[in-house]
Amino acid sequence: MRRSRERLAQQLIDQMRAQIESGKLKEGDQLPTEPQLEATFGVSRTVVREAIADLRSAGYVRPIQGKGVFVSNPSAQKAFSLTPVEIKSIPETLELLEFRMAAEGEAAAIAAYRRTAEQEAAIRAANRKMAQMIEDGAPTVEADYEFHMAIAAATNNRFYVDVLRHFGPRSIPRGQFPTLPEAHDRAYLDKVHAEHIEILEAIADQEPERARQAMRAHLLASQRRYRMLAEQQ
């Protein structure tokens, strides 16, 4: 079910990007409402929201409070320039996210049926810490990493911990791209935190497959964003 949702979100992203890049949707145009997009593309509201969030992160659209979501000029996204080091990091980031989907998806599933009460509490504490960092406008990479490490620890399998510890906080992609506006964007960080909550709730409810798919969806969303970033360079 969740994998189907991921495919639909990617299809919607591709179609809307094509309309923007071809000029069918021009800079300043207002996007249809969520219900209109649902009806037009035959998808759920969750799929629409995921697609819009990714397009927003990549700079194709921008929300205006109380008015709606509007098309941005794709070429204007070059207003920010990645450093040579950041550009060089994109392929490695995509490879690492691919690896993490396999390793951490399984770790989340194992944690869902093996975690102790104390380990669940540690995951919750890491989640609360990240929420507080977002609220305070403070850097969130370390708190994000702690959340993923707490899940690895809850597998009670030291190899999952060793692997994530080997990569360290650099496993959190936005830490490698400080130039990106989304690295400090409240709406983007709130979305990441919401994805964390889905993973946490699945682990707390001891539902391995749900936890696996929630983690996969979380990392796949990140992978989609960095693929679009690569295409813009």
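The values are calculated or read from the model by the stated rules, or taken from the named source; none is laboratory data. Values in this document were obtained by computation on a predicted structure and should not be read as measured data. Cβ sites come from the backbone with ideal geometry, for glycine too, and all protein chains shown count toward neighbours. All accessible areas refer to the heavy atoms of the entire protein, side chains included, with ligands and DNA or RNA removed. Shrake-Rupley method; radii C 1.70, N 1.55, O 1.52, S 1.80 Å.
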Notebook entry, point to check: Would you pick out the residues in segment 155-177 that are assigned to a loop (DSSP other than H, G, I, E, B) and in contact (Cβ under 8 Å) with a residue 40 or more places away in the chain?
Noted result: Thr155, Asn156, Asn157, Phe177
Notebook entry, point to check: Quick one: which of Arg158, Arg114 is exposed (fewer than 15 other Cβ atoms within 10 Å of the Cβ) and modelled with pLDDT of 95 or more?
Noted result: Arg158
Checklist line | Search result, residues across segment 188-233 that are modelled with pLDDT under 85, open to solvent by 50 Å² or more (accessible area, probe 1.4 Å) and of a type outside the set (Lys, Arg) | finding: Glu231, Gln233
Note to self: The conditions are (1) modelled with pLDDT of 95 or more; (2) over 27 Å from Ser89 (Cβ atoms); (3) part of a helix (DSSP H, G or I), and Glu135 fails exactly one of them. Which is it?
What the structure shows: (1)
